[in-house]
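Taking it in order: structure first as C-alpha cells, then the write-up.
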Amino acid sequence: SSNSSLSGSSVSSDAEEYQPPIWKSYLYQLQQEAPRPKRIICPREVENRPKYYGREFHGIISREQADEILAGVEGAYILRESQRQPGCYTLALRFGNQTLNYRLFYDGKHFVGEKRFESIHDLVTDGLITLYIETKASEYISKMTTNPIYEHIGYATLLREKVSRRLSRTKNESRKASVTSEENTPVEKITSLVRRAALTQNDNHFNYEKAHNFKVHTFRGPHWCEYCANFMWGLIAQGVRCSDCGLNVHKQCSKYVPNDCQPDLKRIKRVYCCDLTTLVKAHNTQRPMVVDSCIREIEARGLKSEGLYRVSGFTEHIEDVKMAFDRDGDKADISANIYPDINIIAGALKLYFRDLPIPVITYDTYSKFIEAAKISNPDERLEAIHEVLMLLPAAHYETLRYLMIHLKKVSLHKKENFMNAENLGIVFGPTLMRPPEDSTLATLNDMRYQKLIVQILIENEDVLF
C-alpha cells in the first residue's frame, strides 16, 4: 500500500483521513471502456409512436430489419413494436457483434429487468456497461467476494465516523499497546489501533449482534464496495447501503458481510418504532433507554398507584412523551412536575413495546412460547419456557429480563395497586407478543396463553433469568 508514510506517532491526526488500502480499479476501467449508446433515428415519421419514446422508435419492423439497421455499430440501438405481439415493445441493441432484443416496459419509468430508468438513453448506457463488464470479467466478479478487504480495514464506516471520537477517549493506553506490537505494516498498525480503540472504549458495551439493514441504493459519482474494494458499476442501483450505519457494498457482497452493524445515531431518527437491537446499539446501552427511564420514574413514584398499567393515561399526553423521547432521547423530561399522572408514563412504556417492529418476544419464538404454555406439568412447562427464552436475541432477552424484575416489584405491591402477576399478564401478554401472521382468530385463541406466559415470567423471574 502507498500509505507507508503513516508512522505510529501521527496516528491520531491521520485516523480521520485514514483511507483503506488502494481500491481495486479494474472494474472502473472496464466501465470507462464500455461501448457508449448510439441512437439510430428513424428517417421517416412513425405513426402511433408512444409519447414516451423518441425518434429512435421505428414502428413495426422485424428482427431481421432491426439487425440490418444496427449492423456493425457497437452500442447502436433502436426501439420497435413487435410484429408478433402488437402493443409490445422491444429494445434492439448491438453488442458483441450481434443484435440483442429485450422486451421493454414502461410504468412512468423504463425498464427491462428490475432497475427502472428515467430515459431510454440511461437504460441503454447501464445495459451496455453491465453487458461489457459481465463479458470481460465474469470470472473476476464471481471471485470478487472471496478475498474481501473488509476484515483487513475493519469496518470502513465505523472507521470514518467513530475513530477520532474513540481515539480521544481511549487516550494512550491502546496506542502504546498496538504501536509497539510486532513488525506490522503501518496500515495494519493503524487498523489494529482503531480496532483496539473501539474495543477499549466499548469495554462496557453490550456486544449484541445486529444484521445490516441493506436497501438498494443509487450512488452519484464513482463508488467502491466497502467489502471487496471493487468498483460498483452501472448508472443506477449499483449496490446496497445499510440504512442504519451507512455501509456501502455490492448486492452480492452483502450476503457475506458479518452481522456487525454499528448503527449511527445520525441515521436513527427516532426512538419509538425503531428495531430494538438497532436502538440499543446506536445508543450503546444495554436496553432501550425508554424502558430504563420509564421504569425508574414508575418505581420512584408509582408502585402503589391503583390499577398501574391497567388504567390508561390521556392519549395525547402519552403521545407527548413519545415525541419527547423521539426528540430528546435519554434527555427527555418525564418527571412529576411535567406529567403528574403516573399512568401517562406507564402508557408511554406500553406504547413503546406495542410500536416495536419486532415484538420483545420475537415472531420467531412466538409459537414456541405458546407451545410451552400449553404444557400441563408446571416443572416441565417452566423448563420449556426457559429453553425458548435462550433463543431470544440478546437485546430482547435483556429487555424482557429487566421488565420482569420490574413487574415482579409491581406485583409485590398488589395490596395497594391491585395488580397481581395474573392482572399484569393480561395487560402485557398482547403487548410483548404478537403472532407472526396477523390473524384475529390466532390472536383470540392465543390470548390466554400470552397472559399465562407473562404471568409465569413474572412469578419466576428469579429462576428463569
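The values are calculated or read from the model by the stated rules, or taken from the named source; none is laboratory data. Please read all numbers here as calculations on a predicted model, not as lab measurements. Note that each Cβ is placed from the backbone with ideal geometry, even for glycine, and that neighbours are counted across all protein chains shown. For accessibility, only protein heavy atoms count, side chains too; no ligands or nucleic acids. Shrake-Rupley method; radii C 1.70, N 1.55, O 1.52, S 1.80 Å.
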| request: Starting from residues that are part of a loop (DSSP other than H, G, I, E, B) and among the aliphatic types (A, V, I, L, M), keep the ones in segment 245-267 and report whichever is nearest to the chain's Cα centre (by Cα). | output: Leu247
| field | Condition check for Met323: open to solvent by 20 Å² or more (accessible area, probe 1.4 Å), in the same structural domain as Lys414 (by the TED database) and farther than 30 Å from Phe231 by Cβ | value | yes
| query | Any residue in segment 361-373 that is under 20 Å from Gly302 (Cα atoms), in contact with a helix residue (DSSP H, G or I) (Cβ under 7 Å, 6 or more places away or on another chain) and in a helix (DSSP H, G or I)? | reply | no
| query | Can we say Cys228 is assigned to a loop (DSSP other than H, G, I, E, B), in the same structural domain as Lys331 (by the TED database) and in contact (Cβ under 8 Å) with a residue 12 or more places away in the chain? | reply | no
| message | Just to be sure before I move on: is Ile344 touching a Gly at 6+ places or on another chain (Cβ under 6 Å), among the aliphatic types (A, V, I, L, M), surrounded by 19 or more Cβ atoms within 10 Å (Cβ to Cβ) and part of a helix (DSSP H, G or I) in the structure I sent? | response | yes
| field | Leading residue by the ranking (farthest from Tyr77 (Cα to Cα)) among those in segment 94-144 that are out of contact with any Leu (no Cβ under 9 Å at 6 or more places or on another chain), open to solvent by 60 Å² or more (accessible area, probe 1.4 Å) and in a helix (DSSP H, G or I) | value | Lys143
| message | Looking for something crowded, with 20+ Cβ neighbours inside 10 Å and aromatic (Phe, Trp, Tyr) - is there at least one such residue anywhere in segment 439-458? | response | no
| query | Which of the residues spanning segment 390-422 are of a type in the set (A, V, I, L, M, F, W, C), modelled with pLDDT of 95 or more and within 30 Å of Asn259 (Cβ to Cβ)? | reply | Leu400, Leu403, Met404, Ile405
| request: Please list, ordered by first then second residue, the pairs with beta carbon atoms under 8 Å, 6 or more apart or interchain, first in segment 122-136 and farther than 18 Å from Gly54 by Cβ, second assigned to a helix (DSSP H, G or I) and open to solvent by 20 Å² or more (accessible area, probe 1.4 Å). | output: Ile129/Gln31; Tyr132/Gln31; Tyr132/Glu33; Ile133/Gln31; Ile133/Ile141; Glu134/Ile141
